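Novice: Okay, here's the structure, questions in a sec.
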Amino acid sequence: MSELPDGWEMVIGLEVHVELATASKLFCGCANQFGDEPNTNICPTCLGLPGSLPVPNAQAVEFAMTLGRALNCSVEPSIFARKNYFYPDMPKDFQTTQYEEPTNVEGFVQLPDGRSIGVERAHIEEDTGKSTHLGGGGRIHDATATLVDYNRAGVPLVEIVSHPVMHDADTARAYVAELRDILLATGVSDARMEEGSMRVDANVSVRPVGNDELRTRCEVKNINSLRSLGRAINYEARRHVDLWTNGESPRQETRHWDEDGGRTTSGRSKEDADDYRYFACPDLPPLTPTAEDIAAIDAAMPGLPAARRSALAVAAGVEVAETTLTVERGLDALVIAAIEAGADATAAMKHADQNLSDGQGQLTAESFAALVAMEADGALSSTQVKTVLAELVANGGEPAAIAADMGFEAMDTSELDTLLDGIIADSPDEWARFVEGDRKVQGHFVGQIMKATQGKADGKVVNQLMTARAAQS
Ligand code: ZN
Ligand code: MN
């Protein structure tokens with residue numbers, strides 16, 4: 001839902017920088033490791049010392065192409081370019097990136113609700129070092145000194161650039177959440193927003209509804225969570241509407257999201273591409289993947305979230321939108337295998353969503369299916385099922401044996417029938433009301449049976465028995 005006043009529409013494009021989970025950096029052998037002592041993973045190449053030369057990391061290139069294919073991009077022959085700017089965290093005074101001929105072009109991300117968000121490109125580039133500004137609340141303007149850590153300089157990145165086709169913050173959040181799931185599924189990044197291995201910049205502008213123009217945008221940086229992403233977009237779009245409504249206009253600039261203040265603040269005015277004086281990097285050869293290379297990447301591609309949601313929806317007979325949580329938790333293979341082993345689909349989905357939030361642990365599809373069957377037969381009450389399930393997750397085993405160990409004896413239906421006979425005999429008035437359709441008295445009978453069985457009876461089975469019995473009388 002857009003939070004803008006009537007008549008206004010947001011236009012959002014996202015640039016997501018993803019650090020690739022390689023052992024070493026993009027153009028040298030230094031370790032790609034978060035959290036090490038500052039300036040310990042450095043060498044002449046990633047410090048940009050004279051005479052050093054870059055050598056591309058084959059694993060990084062393969063990860064980048066894998067990600068491109070996972071984003072439904074076409075993987076093209078590509079070249080590296082130099083993006084020139086002077087910045088203390090960029091020791092070479094240029095960033096090696098891709099500009100005119102990126103590796104991955106024109107793909108899309110499919111959201112759980114079925115919508116597709118277009119991806120313009122996903123190019124390879126190196127990360128910068130990290131500056132820490134001392135004093136002035138960590139802001140560069142008021143800092144008394146700045147420390148620079150070059151451990152991150154040269155870490156391989158893929159920058160995923162969406163088309164400006166999102167019109168509310170929720171869609172932007174869903175897109176980033178889906179990207180994260182794709183990154184985790186492919187294993188190309190650990191996608192930790194809080195550690196900076198996935199960094200989202202939001203290009204935000206607004207326009208009157210029904211208008212196709214792209215007005216001046218601002219790029220909001222420093223967004224560290226999905227929640228901040230939504231807040232930052234809503235704040236920034238509202239700021240633009242207020243400016244336009246007052247006869248002013250936003251300035252094209254980079255802005256910082258201030259989490260505590262709940263607002264964006266002005267950063268540097270945004271350069272245009274011309275200011276970077278891009279040119280093809282003379283030190284690096286083009287990347288020229290063959291059709292066989294790309295076929296090999298496709299063949300090795302693990303199941304991606306969108307396809308897994310569809311497969312689970314078919315197997316369980318539910319809508320795709322109902323499969324999101326199960327797939328996010330990586331429980332879809334378990335549920336599908338349990339269904340194939342005979343488990344009731346609705347019950348398996350229910351347990352996956354409600355009782356397996358920490359994953360399946362030692363639980364196998366066979367024991368899961370067996371447990372779901374015991375619940376359906378009324379051998380175990382729903383409370384007992386939860387207890388047995390927790391034990392299966394923690395230590396594995398066989399559900400019937402665990403239930404027996406825990407003293408959860410099977411209540412067979414004939415035993416319940418006999419009990420019900422006695423209770424009906426004791427409460428003829430209530431039973432007559434139940435037979436006439438008064439469901440309010442149902443609790444009376446279930447309560448009596450639970451009391452007699454010390455809670456071992458399955459309430460659902462008791463309800464079924466009562467309904468069947470009432471139909472006969
Ligand atoms: Zn290095
Ligand atoms: Mn970039």
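The values are calculated or read from the model by the stated rules, or taken from the named source; none is laboratory data. Nothing here was measured: the structure is a model prediction, and the numbers come from that model. For neighbour counting, all protein chains shown are included, and Cβ atoms are generated from backbone atoms with ideal geometry for every residue, glycine included.
Novice: Could you list, in sequence order, all residues of the stretch 91-127 that are in a strand (DSSP E or B) and polar (S, T, N, Q)? Spell out the reasoning first.
Specialist: At the first step, the residues of the stretch 91-127 found to be in a strand (DSSP E or B) are 94-97, 104-110, 116-126.
GLN95, THR96, THR97, ASN104, GLN110, SER116, listed by residue number.
Novice: Related question: Restricting attention to the stretch 284-326, and to residues there that are acidic (Asp, Glu) and modelled with pLDDT under 95, which single residue is nearest to LYS83 (Cα to Cα)? If you could, list the steps in order and put the result at the bottom.
Specialist: Filtering the stretch 284-326 down to residues acidic (Asp, Glu) leaves 292-293, 298, 319, 322.
Of the ones still in play, those that are also modelled with pLDDT under 95 are 319, 322.
On the way: GLU319: 46, GLU322: 44 Å.
Selected residue: GLU322.
Novice: Hey, can you tell me all the residues within the stretch 133-159 that are part of a helix (DSSP H, G or I) and either within 16 Å of ligand 2 (Cβ to nearest atom) or touching a Leu at 6+ places or on another chain (Cβ under 9 Å) (or both)? Can you show your working first?
Specialist: To start, the set of residues in the stretch 133-159 that are part of a helix (DSSP H, G or I) comprises 136-138, 140-142, 150-152.
TYR150, ARG152 - these are the residues of the stretch 133-159 that are part of a helix (DSSP H, G or I) and either within 16 Å of ligand 2 (Cβ to nearest atom) or touching a Leu at 6+ places or on another chain (Cβ under 9 Å) (or both).
Novice: What do you reckon, is LEU380 in contact (Cβ under 8 Å) with a residue 40 or more places away in the chain and crowded, with 19+ Cβ neighbours inside 10 Å? Outline the logic, then answer.
Specialist: Details: in contact (Cβ under 8 Å) with a residue 40 or more places away in the chain: yes; crowded, with 19+ Cβ neighbours inside 10 Å: yes.
So LEU380 fits the description; yes.
Novice: Follow-up. Filter the stretch 47-68 down to the residues that are in contact with an Asp or Glu (Cβ under 8 Å, 6 or more places away or on another chain) and either among the β-branched types (Val, Ile, Thr) or within 14 Å of ligand 1 (Cβ to nearest atom) (or both) and list them by number.
Specialist: Narrowing the stretch 47-68 to residues in contact with an Asp or Glu (Cβ under 8 Å, 6 or more places away or on another chain): 48, 53-54, 65.
Once the filter is applied, which keeps residues that are in contact with an Asp or Glu (Cβ under 8 Å, 6 or more places away or on another chain) and either among the β-branched types (Val, Ile, Thr) or within 14 Å of ligand 1 (Cβ to nearest atom) (or both), the stretch 47-68 yields GLY48, LEU53, PRO54.
Novice: Could I ask something else about it? Within the stretch 86-107, can you find the residues that are in contact with a helix residue (DSSP H, G or I) (Cβ under 6 Å, 6 or more places away or on another chain) and either within 27 Å of ARG268 (Cα to Cα) or in contact (Cβ under 8 Å) with a residue 60 or more places away in the chain (or both)?
Specialist: Filtering the stretch 86-107 for residues in contact with a helix residue (DSSP H, G or I) (Cβ under 6 Å, 6 or more places away or on another chain) gives 103-104.
Hit for the stretch 86-107 is THR103, nothing else.
Novice: From the list ALA313, ALA333, ALA291, which residue is closer than 30 Å to PHE63 by Cα, in the same structural domain as THR66 (by TED's automatic domain parsing) and either touching a residue at least 12 places away in the same chain (Cβ under 8 Å) or surrounded by fewer than 21 Cβ atoms within 10 Å (Cβ to Cβ) (or both)?
Specialist: Details: ALA313 fails: in the same structural domain as THR66 (by TED's automatic domain parsing); ALA333 fails: in the same structural domain as THR66 (by TED's automatic domain parsing).
Exactly one residue qualifies, and that residue is ALA291.
Novice: On to the next question. Output the residue which, of all residues in the stretch 425-462 that are basic (Lys, Arg) and farther than 29 Å from ALA373 by Cβ, is surrounded by the fewest Cβ atoms within 10 Å (Cβ to Cβ). Don't jump to the end; show me each part of the working.
Specialist: First pass over the stretch 425-462, keeping only residues basic (Lys, Arg): 433, 439-440, 451, 456, 460.
Now restrict to residues that are farther than 29 Å from ALA373 by Cβ: 433, 440.
Working: ARG433: 16, LYS440: 9.
Per the criteria, the residue is LYS440.
Novice: Look at HIS123 and say whether it is more than 16 Å from ligand 1 (Cβ to nearest atom) and at pLDDT below 95.
Specialist: Values: more than 16 Å from ligand 1 (Cβ to nearest atom): yes; at pLDDT below 95: no.
For HIS123, the condition - more than 16 Å from ligand 1 (Cβ to nearest atom) and at pLDDT below 95 - is not met.
Novice: Any residue at all in the stretch 83-90 that is within 16 Å of ligand 1 (Cβ to nearest atom) and part of a loop (DSSP other than H, G, I, E, B)?
Specialist: We begin by selecting, within the stretch 83-90, every residue within 16 Å of ligand 1 (Cβ to nearest atom); these are 89-90.
Imposing the further condition that a residue be part of a loop (DSSP other than H, G, I, E, B) reduces the set to 89-90.
Yes, the stretch 83-90 has at least one match.
Novice: Test ALA172 against the stated conditions and say whether it is more than 20 Å from THR103 (Cβ to Cβ), within 16 Å of ligand 1 (Cβ to nearest atom), surrounded by 19 or more Cβ atoms within 10 Å (Cβ to Cβ) and assigned by TED's automatic domain parsing to the domain that holds LEU71. Steps first, answer last, please.
Specialist: Numbers: more than 20 Å from THR103 (Cβ to Cβ): yes; within 16 Å of ligand 1 (Cβ to nearest atom): no; surrounded by 19 or more Cβ atoms within 10 Å (Cβ to Cβ): yes; assigned by TED's automatic domain parsing to the domain that holds LEU71: yes.
No; evaluated as a whole, the condition is false for this residue.
Novice: Can you name the residue in the stretch 10-26 that is away from ligand 2 (no atom under 16 Å from the Cβ) and in contact with a Pro (Cβ under 6 Å, 6 or more places away or on another chain) and, of all such residues, is nearest to PRO250 (Cα to Cα)?
Specialist: Only one residue fits best here, namely VAL11.
Novice: Quick one: which residue in SER78, SER52, SER24, SER74 is in contact with a Ser or Thr (Cβ under 8 Å, 6 or more places away or on another chain), surrounded by fewer than 22 Cβ atoms within 10 Å (Cβ to Cβ) and hydroxyl-bearing (Ser, Thr, Tyr)? Show your work before the answer.
Specialist: Working: SER78 fails: surrounded by fewer than 22 Cβ atoms within 10 Å (Cβ to Cβ); SER24 fails: in contact with a Ser or Thr (Cβ under 8 Å, 6 or more places away or on another chain); SER74 fails: in contact with a Ser or Thr (Cβ under 8 Å, 6 or more places away or on another chain).
Matching residue, one of SER78, SER52, SER24, SER74: SER52.
Novice: What are the pairs, 6+ residues apart or on separate chains, where a residue within the stretch 144-164 that is basic (Lys, Arg) has its Cβ under 7 Å from a residue that is within 12 Å of ligand 2 (Cβ to nearest atom)?
Specialist: ARG152/ASP127; ARG152/THR128
Novice: Same structure again: Looking at GLY187, GLY210, which is the one that is farther than 23 Å from GLY107 by Cβ and surrounded by fewer than 17 Cβ atoms within 10 Å (Cβ to Cβ)? First the steps, then the outcome.
Specialist: On the way: GLY187 fails: farther than 23 Å from GLY107 by Cβ.
Sole residue among the options that is farther than 23 Å from GLY107 by Cβ and surrounded by fewer than 17 Cβ atoms within 10 Å (Cβ to Cβ): GLY210.
Matching residues to (1) surrounded by fewer than 22 Cβ atoms within 10 Å (Cβ to Cβ); (2) within 26 Å of the chain's Cα centre (by Cα); (3) not polar (S, T, N, Q):
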residue: GLU100; (1), (2), (3): yes, no, yes
residue: GLU106; (1), (2), (3): yes, yes, yes
residue: ASP113; (1), (2), (3): yes, yes, yes
residue: GLU120; (1), (2), (3): yes, yes, yes
residue: HIS123; (1), (2), (3): no, yes, yes
